[in-house]
Amino acid sequence: MLDRALPEPDLVAIRDAITEGVIHRLLHEEDPRFRNFQLCNACGSCTPYCPARINDPGANGDRGYLARKVTAALQAGRRPELNLSDCVQCYSCETVCPRSVSIGGIINAVYETEHLQPIFRKMLLDRGGLPPQAFLPVYTSRGRFRKFVAKAILHPYPVDAGAVDEVRKLLLHPLKASVFSPPGHPAPKRSLTRPDQVFHLNSCCAFNYPGADLSQKKILTALGVQYKTSRSQTCCGGAPHYMGGAGFADRLLLTARNLSVIRDTVDPGGDIPVTGICPTCSDSYTTTLELLSGSANRAVVNEALSRIGRGVSDPGTFSVANVLDLYPLYLDELRRLIETRLSGLHVGVHVSCHYRKMNGTLAIPPGLQNLTAVTGARVTRSVMEQYCCGGVKNLFDRHQKGRPLELSRLNRLVYQDFMQHRLDMMVVDCPGCELVYDHMGVPVLHITELLALAMGADPRETVYIQGHMTSLSPVLNRIGLL
């Protein structure tokens, strides 16, 4: 009798009861992502800016449908009835909302609770980031195990044991998201000036494309910009957070700890530009600096950091120098550094969701197009600039459900557009987008890799094209770079 399967209605009732318990707990704890959801009037302001197109008014003619569906469910203490994996948590909705309601933040909070990935949190505690093993299923599903092994041997994640110990001590006493106050709308973005020195972030996702990291360093050196790195810098918590393995507070504490490391690493005095190849890192630092601008949030963070002998007293001295903001300041110099014009290359460009949100305008920023044009490559403008690539979170979800080769709705849209325009490759600003395109069989380069190739970098030694799952050799052979 005890081993008899539960009838389907009973299973549904149990699932709904568990989920409603989750929602009630999140509401009771006053998670900052939930605090002002009652202000939403489903005006539809966020609809045009959702890169994942999950609030497509074409389906029902209602611009505010998604917002109403999410907030009405919370009012009733129920889970929003939608596929949480479709939302990429770019928070574009929050950025444009006239009342600062974060539909994406609400979805993120529920997803984080329902899809908790203990393995990602264990990796943070054991390795200080997402080590190569986190990406192994992506390679084995495509029959690219040898590429994975080669990168794991040649490009290990550069974190020392002391840093991992600090992360472990920090995260073994987790904070609830409710201890933080939401910052409201972000402050006006400071203009970035041409820096003499930057701190270059070690992205845990850069394991997949070490060429993007090596290319970034080549470009900075060629421009005469000194860069510093540190093996004490760990994962910012962004990727684990979006994939359900690190909470809102975990991400904030990890990034704040890294700010302390950066302060200790760079020369004292003046502003500290923080740069890297990953817009999720840039977004983590931008978000954390906004939260730390409030004295109450800063006090909570510094109390936690004091357990490991760290603290952040001067968030105002840091600035985020994303590559799409930094390199356009050097367009003339980059033009002079080009050794081979890539005029035979027909490319599409894809600006990442997290950069667009971090940028704050939500229009398609010109940086990626302008930098691609510097190389001489021919850029085709298309709807791919507006859509999400499909997202790394969605990619990992498909692996966990045993459907690794399946293309999501967004994957299909961008792939069809790529084929329709008969492009040679895609150019992106994000190693996560690069992984998604590469996994679906589209030749792709990070913008740093494209620039480095045009500047004469060795395709294998610096750009490391042999690490890509989808071969770039046919295209590069055709234009004489191999």
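Odds and ends about this structure:
- Rounded if a/c under 1.5, otherwise prolate or oblate - region 357-455, Cα gyration tensor axes: prolate
- Among C389, L481, V427 the positive-end extreme of the charge dipole of region 324-482 (Cβ point charges): C389
- Over the chain, dividing the summed -39,500 (n - 2.57) contributions of all DSSP H runs of at least 4 residues by the number of residues returns a 222 nm mean residue ellipticity of -13000 deg cm²/dmol.
- In the list (1) 25.9, 91; (2) 23.1, 69; (3) 22.1, 79, the label attached to Rg and Dmax of the Cα atoms in Å as derived from the coordinates here is (3).
- In terms of the mean number of neighbouring beta-carbon atoms within 10 Å, the peptides 193-200, 249-256, 316-323 order highest first as 249-256, 316-323, 193-200.
- Carbon + sulfur, % of accessible area of the chain - ligands and nucleic acids excluded, 1.4 Å: 53
- As a length-normalised measure over Cα pairs under 8 Å and 6 or more apart, the relative contact order of the chain settles at 16 percent.
- Packing, taken as the mean count of other beta carbons within 10 Å per residue, orders the peptides 407-419, 70-82 from highest to lowest as 407-419, 70-82.
- Amide H partners (placed H, <5 Å) of V444, local residues excluded: M426
- Student exercise, the chain dipole from Lys, Arg, Asp, Glu Cβ charges, in Debye to nearest 20: 440
- Inter-part distance, region 428-482 to region 87-151, computed on C-alpha centroids, equals 23 Å.
- Here each label is just a point 7 Å from Cα along the line to Cβ, and for I364 and D271 those points are 2.9 nm apart.
- Prolate/oblate/rounded label for region 220-318 (Cα gyration tensor, a/c 1.5): oblate
- Cα-based shape type of region 275-405, given that a ≥ b ≥ c are square roots of the gyration tensor eigenvalues and the cut on a/c is 1.5: oblate
- Think of the chain as having a plus end and a minus end, set by charges on the Cβ of Lys, Arg, Asp and Glu; of G467, T287, C90, G467 sits farthest toward the positive end of this dipole.
- Distance (nanometres) between label positions extended 7 Å along Cα→Cβ at Q386 and L482: 3.5
- Other residues with beta-carbon under 13 Å from the beta-carbon of A457 carry, at +1 per Lys or Arg and -1 per Asp or Glu, a net charge of -2.
- Extension gain for the segment R378 to L331, taken as residue separation times 0.36 nm less the Cα-Cα distance, is 15.2 nm to one decimal.
- Relative packing of 386-392, 458-464, which averages over residues the other C-beta atoms within 10 Å, highest first: 386-392, 458-464
- In the context of the full set of protein chains, the chain has a per residue accessible area of 41 Å² (1.4 Å probe).
- Placing pseudo-labels 7 Å out from each Cα toward the beta carbon at A296 and L39 gives an inter-label distance of 1.4 nm.
- Computed 3J(HN,Hα) for region 465-470, one whole-Hz value per residue from the Karplus formula 6.51 cos²θ - 1.76 cosθ + 1.60 where θ = phi - 60°, is 5, 5, x, 6, 6, 9, glycine and proline marked x.
The values are calculated or read from the model by the stated rules, or taken from the named source; none is laboratory data. No experiment lies behind these values; they were computed from the predicted model shown. Glycine gets a Cβ as well: all are built from the backbone with ideal geometry, and neighbour counts include every protein chain shown. To get the accessible areas, we keep the full protein, side chains included, count just its heavy atoms, and leave off ligands, DNA and RNA. Shrake-Rupley method; radii C 1.70, N 1.55, O 1.52, S 1.80 Å.
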